[in-house]
Amino acid sequence: MKSNKSLTRQSHFLGTKIRNLRKRNHLTLDDLSSRCVKLAPENAPSVSYLSMIERGKRIPSEEMLEVIAQVFQKNVQWFLDDAPAPDELTPEKGSRGGISGMALEPSFLFSQDILQIAIPEMLSQTGTTGRQFAHLLIRAYQEHHQNHFPDLERAAEEVGQKRMPLYVEDLQEIAEQKGLSIRWFSDLKNQKNLSEDEQSQSMKSMVTSYLQPPSTVYLNKKLKKNLARLKYELAVHIAHCVLHNNDGEKSIMVAGDRAQYDVQKKRPNNSIPSTQLESQDILHAWRDFECSFFAAALLCPKVAFRQLLDRHGYEINIGKVIDVSSSVVMRRMTAVSAYPHWHYFDAYSPGKLKAVYRGNGIPLPWGNMRIVNDPCQHWSVFRMLVANQEGTAAQLSILNDGDIPKIYCCESIKVQDLTDASHVLCAGIELSPAITAQGYDALALVNELKKLCIENGGEAVIPAHIKKVLIAVARILNINWIERGIEEKARLICSRGAVCPRKPGCYSIPKM
């Protein structure tokens, strides 16, 4: 074993290399310390000691350095040579990632006055409803901020005092403290006066809870059989009270297709959706988003939930530990993870995305406003929709973003809502930035894998030398399902079947 004096003589760039690796992998000092504790608690550095190491004020013991090296999948000697950190490991500044946009030039055509005239006309011609467009605006705002809303996080933490887990009784107590009273209703009472056609329609959607002004929350008795959903709905109504003072349109929660319900009458709505963009559409969409984000933050406070994810390698089933739904777990992953390049889909058959987040800019497999007739059949979310499969499934995929191939990995799970309708939840990340962060040529690696997939009909076993790189990245990110995806064949996917990269192409209109 080397003495600490020996380490000192070889530690010229040690602190800088650790700091650059940490920042390149979007880890805080606390994150890195936690990772080390998970691997070897007896040799793990504290946050303050890590800070001193990075600033050259302290030299770690050999055992401590071995733990740090294991986190970053590096050889200990890499930290001790005389070479400074290579340029590719120097953190980029000001890189936000996310969705790229278009330049709004010439500015006189994109003035507020002209857009106010053009947008309603565009909605009318495309058949997009005002509420759909409002939700698209909210999603764009969410993606621009990469799902970081610290004011909502703070508001939720103040109410829940960062406790995790919160039980139904805790949420009921919080609701009562905020002046809300809780009543229960039976869904059958809402259906007894409906026609047969309306009853058939209402089977596809269900009012699960609603606020009766000024402060009475009505909960569907069916929620008693699904405590995770019950907790979420209570949290949403608490959010509406805290953030919006129970103001505005009745806050109504619906399982299934919300568009089928008249929110005032709490019954199926057969009217034609309006393509007019009303100001209330924006306000209601924003309220729904804020309350949903607050509810998830209340149930899964950022620091505690991030530590739980880290301990369990981002497994989706940790929802059972704190009794929250897979949907909440996967959405919160995108908000609390140190790695920013996430996406999330909630998909119903036949090809309708109910919820979308794509902070990594991934193209959509199909729309969330209309059904497309040529969805790529090889997206994991699509395959899970048409397959009778239990549990989760991981998939490694290669997808062109413009002319540049990128590599993604996702975990999908099929679940049922309260109407017994199946839908698929999918959370995934883009791996290309993580590969680059470790000093590898991500584009060359992905091109090599893409070529292998094309030569083998669209999917291929991952070669050992590429697998080695990907496993190292998976362990640095500490996401277990990436390693499971690596063990499967890599698949080519596309944004639409009409631009299929496979040779021969596999475009067809699937029967669902």
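A few points about this structure:
- Once the C-beta distance of Lys489 and Trp78 is scaled by a Förster radius of 41 Å, the resulting FRET efficiency is 0.80 to the nearest 0.05.
- Order of Cys494, Cys506 under a 10 Å beta carbon neighbour criterion, fewest first: Cys506, Cys494
- Rounded to the nearest 0.05, the FRET efficiency derived from the C-beta distance between Val415 and Leu136 at R0 = 22 Å is 0.35.
- FRET E, pair Cys506, Lys57, Förster distance 60 Å, beta-carbon r, rounded to 0.05: 0.55
- Label reach from Asp30 (point 7 Å along Cα→C-beta): in segment 330-360, amide nitrogens under 14 Å belong to 336-338.
- Residue-span extension gain [Thr216 to Ala40] - 0.36 nm each, minus C-alpha spacing: 58.3 nm
- Distance in nm between pseudo-label sites at Ile471 and Leu109 (7 Å out along the Cβ direction from Cα): 5.4 nm
- Distance violations [Cα-Cα > 21 Å] among Lys38/Lys74; Lys17/Lys74; Lys320/Lys468; Lys302/Lys468; Lys450/Lys489; Lys231/Lys302: Lys320/Lys468; Lys302/Lys468
- Segment 298-366 and segment 431-492 have Cα centres lying 22 Å from one another.
- Each peptide among 334-340, 71-77 gets the average number of other Cβ atoms lying within 10 Å of its residues, and from highest to lowest they stand as 334-340, 71-77.
- Note on Glu390 and Phe185: their simple-model spin labels are 3.6 nm apart, each label 7 Å out from Cα toward Cβ.
- Among 177-186, 441-450, the order from most to least packed when residues are scored by Cβ within 10 Å on average: 441-450, 177-186
- Listed peptides 301-314, 152-165 by packing density, highest first (mean Cβ within 10 Å): 301-314, 152-165
Bear in mind these aren't lab numbers, they're just calculated from the coordinates by the rules spelled out. Predicted model, so just to flag it, every value in this text is computed and none were measured. We place every Cβ from the backbone using ideal geometry, glycine too, and count neighbours over all the protein chains shown.
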